[in-house]
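For reference, the structure is listed below as structure tokens.
The values are calculated or read from the model by the stated rules, or taken from the named source; none is laboratory data. Worth saying up front: this structure is predicted, and the values here are computed from it rather than measured. Heads up, the Cβs are rebuilt from the backbone with ideal geometry, glycines too, and the neighbour counts pull from every protein chain shown.
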Amino acid sequence: MPGQANTRVYIVAHKDFDAPAEPGYVPILAGAVHNHASIAVRDDTGENISAKNPQFCELTAQYWVWRNACAGYANVGFVHYRRYFYTDARKSRIVPAAQFTHDLTEVDVVMPEPWILTKTIRAQFAQFHNIDDLNTVRAILQEKHPEYVPAFDELLDGHALYSYNMFVMDTSRFAAYMEWLFDILDEAERRIDTTGYDAYNQRLFGFLAERLLNVWVRTRKLRVKTYPVYKPDDVWWKEALRAQTKKLLYGRHR
């Protein structure tokens with residue numbers, strides 16, 4: 001198996017935490033411009049969008065890696081400080097970086113096992129967020145990258161979603177994805193007014209990126225390997241439920 005240094009996996013965090021003792025895994029502080037945690041690798045040096053972390057979530061860390069830290073590694077990946085890829089459903093072992101190196105000799109990208117929802121992806125987004133924002137993204141795709149629209153529509157009409165903005169891929173593919181993603185998100189940021197959104201829905205561009213990663217993988221027909229993902233005391237659904245309640249009460253995302 002190739003050496004572990006061939007793959008670097010960044011653990012995105014917004015506070016100090018006990019990092020796993022896994023070679024090739026490196027913590028990175030997201031939103032570091034407004035954060036005083038002691039994590040050495042920060043997203044507020046060099047070329048960065050650290051100040052946008054409340055809206056872009058882990059994408060500020062991904063942007064920093066893209067612009068400042070891709071050299072010297074064949075592959076790059078991202079997990080969260082409480083959410084990792086595991087070798088099996090028993091969550092007994094975090095996938096070693098060396099395993100990703102091996103995987104990427106056989107597939108194009110490593111992703112989390114998909115969510116399988118009872119609702120369509122479109123209906124799920126509309127339940128918790130402003131569906132107009134998703135429609136704006138489709139319009140941008142139609143203008144700038146029309147070849148991606150069929151996969152966008154298929155995704156939204158389906159029930160499966162790779163989530164969390166977690167992945168591992170080779171660095172050249174990662175750079176191509178970032179270039180494409182931010183071309184769309186930068187335009188979406190210009191068009192979408194998030195004034196009045198609550199803190200949960202202020203994270204809009206992170207939510208949009210989850211869907212767009214799926215669209216990019218589908219359109220490019222990438223070979224995917226999945227691993228189970230587990231987060232102890234995962235409470236994302238509580239935030240989503242609060243957002244839905246506010247939407248029902250106030251008609252917006254306050």
### Query
In this structure, does residue 47 turn out to be within 26 Å of residue 114 (Cβ to Cβ) and not β-branched (Val, Ile, Thr)?
no
### Looking only at the range 142-167, and only at residues there that are in contact (Cβ under 8 Å) with a residue 60 or more places away in the chain and over 18 Å from residue 120 (Cβ atoms), the one that is surrounded by the fewest Cβ atoms within 10 Å (Cβ to Cβ)
147
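Yes or no: the range 191-213 includes at least one residue that is touching a strand residue (DSSP E or B) at 6+ places or on another chain (Cβ under 6 Å), at pLDDT 95 or above and surrounded by fewer than 17 Cβ atoms within 10 Å (Cβ to Cβ).
No, the range 191-213 contains no residue that is touching a strand residue (DSSP E or B) at 6+ places or on another chain (Cβ under 6 Å), at pLDDT 95 or above and surrounded by fewer than 17 Cβ atoms within 10 Å (Cβ to Cβ).
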### Task
Check off (1) touching a helix residue (DSSP H, G or I) at 6+ places or on another chain (Cβ under 7 Å); (2) at negative phi; (3) not charged (D, E, K, R) for residue 100 and give me the number that stays unchecked.
(1)
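Table: residues versus (1) in a helix (DSSP H, G or I); (2) within 19 Å of the chain's Cα centre (by Cα).
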position	(1), (2)
92	no, no
102	yes, no
111	no, yes
127	yes, no
### Query
Taking the range 45-59, which residues are touching a strand residue (DSSP E or B) at 6+ places or on another chain (Cβ under 9 Å) and either farther than 14 Å from residue 204 by Cβ or of a type in the set (Val, Ile, Thr) (or both)?
48, 50
### Message
Exactly one of these conditions fails for residue 70: (1) at pLDDT 95 or above; (2) part of a loop (DSSP other than H, G, I, E, B). Give me its number.
### Response
(1)
### Query
Where residues in the range 22-52 are surrounded by fewer than 15 Cβ atoms within 10 Å (Cβ to Cβ) and of a type in the set (Ser, Thr, Tyr), which of them is farthest from the chain's Cα centre (by Cα)?
38
### Query
Across the range 217-234, what is the total count of residues that are among the hydroxyl-bearing types (Ser, Thr, Tyr), outside any helix (DSSP H, G or I) and over 16 Å from the mean Cα position of the chain (by Cα)?
0
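Could you go through the range 244-252 and let me know if any residue there is modelled with pLDDT of 95 or more and over 15 Å from the mean Cα position of the chain (by Cα). Before you say what the answer is, go through the steps one by one.
From the range 244-252, those modelled with pLDDT of 95 or more are none; that's our starting set.
No, the range 244-252 contains no residue that is modelled with pLDDT of 95 or more and over 15 Å from the mean Cα position of the chain (by Cα).
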### Task
Could you look through the range 192-216, keep only residues that are part of a loop (DSSP other than H, G, I, E, B) and in contact (Cβ under 8 Å) with a residue 40 or more places away in the chain, and pick out the one that is nearest to residue 145 (Cα to Cα)?
192
### Summary
Within the range 93-113, restricting to residues that are touching a residue at least 40 places away in the same chain (Cβ under 8 Å) and over 25 Å from residue 172 (Cβ atoms), the one that is surrounded by the fewest Cβ atoms within 10 Å (Cβ to Cβ) is 113
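For (1) touching a Cys at 6+ places or on another chain (Cβ under 6 Å); (2) among the small types (Gly, Ala, Ser); (3) farther than 30 Å from residue 195 by Cβ; (4) crowded, with 20+ Cβ neighbours inside 10 Å, each residue gets a yes or a no:
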{"site": "20", "(1), (2), (3), (4)": "no, no, yes, no"}
{"site": "54", "(1), (2), (3), (4)": "no, no, no, no"}
{"site": "71", "(1), (2), (3), (4)": "no, yes, yes, no"}
{"site": "78", "(1), (2), (3), (4)": "no, no, no, yes"}
{"site": "91", "(1), (2), (3), (4)": "no, no, yes, no"}
